[in-house]
1. From 197, 152, 148, 190, which residue is touching a His at 6+ places or on another chain (Cβ under 7 Å) and either buried (at least 20 other Cβ atoms within 10 Å of the Cβ) or at positive phi (or both)?
2. With 95, 101 as the choices, which residue is of a type in the set (A, V, I, L, M, F, W, C) and not in a strand (DSSP E or B)?
3. For residue 131, indicate whether it is over 19 Å from residue 105 (Cα atoms) and in contact with a Lys or Arg (Cβ under 8 Å, 6 or more places away or on another chain).
4. Which condition from (1) in contact (Cβ under 8 Å) with a residue 24 or more places away in the chain; (2) more than 17 Å from the chain's Cα centre (by Cα) is the one that residue 159 breaks?
5. Does residue 182 satisfy the criteria of being without any contact (Cβ under 8 Å) to a residue 24 or more places away in the chain, in contact with a Lys or Arg (Cβ under 7 Å, 6 or more places away or on another chain) and surrounded by 16 or more Cβ atoms within 10 Å (Cβ to Cβ)?
6. Are there helices (runs of 4 or more DSSP H) fully within region 117-212 with at least 2 residues that are away from ligand 2 (no atom under 14 Å from the Cβ)? List them.
7. Restricting to region 124-142, count the residues that are closer than 16 Å to residue 98 by Cβ and touching a Leu at 6+ places or on another chain (Cβ under 6 Å).
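Where a number appears in this text, it was derived from the coordinates with a stated rule and is not lab data. Every value quoted in this text rests on a predicted model; they were computed, and no experiment measured them. Counting neighbours? That spans all protein chains shown, and the Cβs are built from the backbone with ideal geometry, glycine included.
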Amino acid sequence: MSLGQVVCVVSGASRGFGLSVSRQVAARAAPGSALLLVSRSEETLRQEAERLRELFPGLGVHWTAADLGTEDGVRRTVSAAAEMRSGEPETLLILNNAGSLGDISKSFMDFMDLEEVNRYLSFNVSSALCLTSSLLKTFSRRVGLQRVVVNVSSLAAIQPFKSWTLYCVGKAARDMMFRVLAEEEADVRVLNYAPGVLDTEMQQEARTLTADEELRRTFINMKNDGTLVDAEVSARKMLDVIQGDTYIRTNRGHMWISMTCNLS
Ligand SMILES: NC(=O)C1=CN([C@@H]2O[C@H](COP(=O)(O)OP(=O)(O)OC[C@H]3O[C@@H](n4cnc5c(N)ncnc54)[C@H](OP(=O)(O)O)[C@@H]3O)[C@@H](O)[C@H]2O)C=CC1
Ligand SMILES: CC(=O)C(=O)[C@H]1CNc2nc(N)[nH]c(=O)c2N1
């Protein structure tokens, strides 16, 4: 299934789920499309962009090394996306993927440093809001342009996990933030997508640093049992959902999908 002519921005594209999503988008985009890879790792992005250009000569592949926890990082990402404006793309696809766990060695009662909490929320919540709103303004509503916003969510958005205070707060806030967007901008397709427990570096961090022993054991067992979800599989599923457009009809453009419940 082709995505048609798409302009796509992927945050957190240097590894893990964001890298898998970027590759899926590149494979499905029609010639003349444009893809912007964003993360802090300049050399990794440069190499991945070069690889995708060789694989997909008709695709404009761009990258921006930016710390999305900073005003400058968000601003430079929006500027880089604006430079991709050319022609009449059929789809704008904004993939809010970048995220972090925060200090999962701490419990709720250990968070007394306001600056630490603000820094976490700035990257995991505020930047997704400001980046998305800025991109939607940059690529404003136009006949023939379908604008799609994806928030990579988690079960942690609706279920508390011991020693994951910041992560649960961030995911819950993001889900609600994008549900408001879906209510306000009826023409924008909004998808909150929980990819399942993925075999990525974040997951390695989860099974090594989580303070809550029971939770950490759960992730260790999933790794040992081979039940972690392959990021490529989940990325394909997400793109299928986006292209299938089915989530729009079921719930006003907002749908929370947990990959683990939808592997069939
Ligand atoms: N792994 C899992 O089991 C699950 C993950 N998710 C969610 O999926 C998304 C991706 O997770 P996953 O791939 O596992 O995570 P990884 O930690 O493997 O990758 C995170 C990505 O975000 C980028 N990133 C981190 N900090 C910043 C920053 N300050 N500015 C810009 N980019 C940044 C990283 O690049 P760089 O370091 O180069 O900046 C990297 O590309 C996250 O939102 C996560 O919450 C949801 C459910 C399960
Ligand atoms: C990091 C993480 O491991 C997550 O965000 C996980 C935590 N557990 C979990 N379970 C699911 N059934 N689906 C998820 O998306 C998810 N996210």
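1. Numbers: 197 fails: touching a His at 6+ places or on another chain (Cβ under 7 Å); 152 fails: touching a His at 6+ places or on another chain (Cβ under 7 Å); 148 fails: touching a His at 6+ places or on another chain (Cβ under 7 Å).
Matching residue, one of 197, 152, 148, 190: 190.
2. Values: 95 fails: not in a strand (DSSP E or B).
Checking each option against the conditions leaves just 101.
3. Working: over 19 Å from residue 105 (Cα atoms): yes; in contact with a Lys or Arg (Cβ under 8 Å, 6 or more places away or on another chain): no.
No.
4. Result: residue 159 fails condition (1) only.
5. On the way: without any contact (Cβ under 8 Å) to a residue 24 or more places away in the chain: no; in contact with a Lys or Arg (Cβ under 7 Å, 6 or more places away or on another chain): yes; surrounded by 16 or more Cβ atoms within 10 Å (Cβ to Cβ): yes.
For residue 182, the condition - without any contact (Cβ under 8 Å) to a residue 24 or more places away in the chain, in contact with a Lys or Arg (Cβ under 7 Å, 6 or more places away or on another chain) and surrounded by 16 or more Cβ atoms within 10 Å (Cβ to Cβ) - is not met.
6. Numbers: elements: 127-138, 165-184, 201-209.
Those helices (runs of 4 or more DSSP H) span 127-138, 165-184.
7. Total meeting the criteria: 1.
Residue by residue, here is whether (1) closer than 26 Å to residue 91 by Cβ; (2) within 13 Å of ligand 1 (Cβ to nearest atom) holds:
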| residue | (1), (2) |
| --- | --- |
| 152 | yes, yes |
| 155 | no, yes |
| 184 | yes, no |
| 206 | no, yes |
| 211 | no, no |
| 221 | no, no |
| 230 | yes, yes |
| 234 | yes, yes |
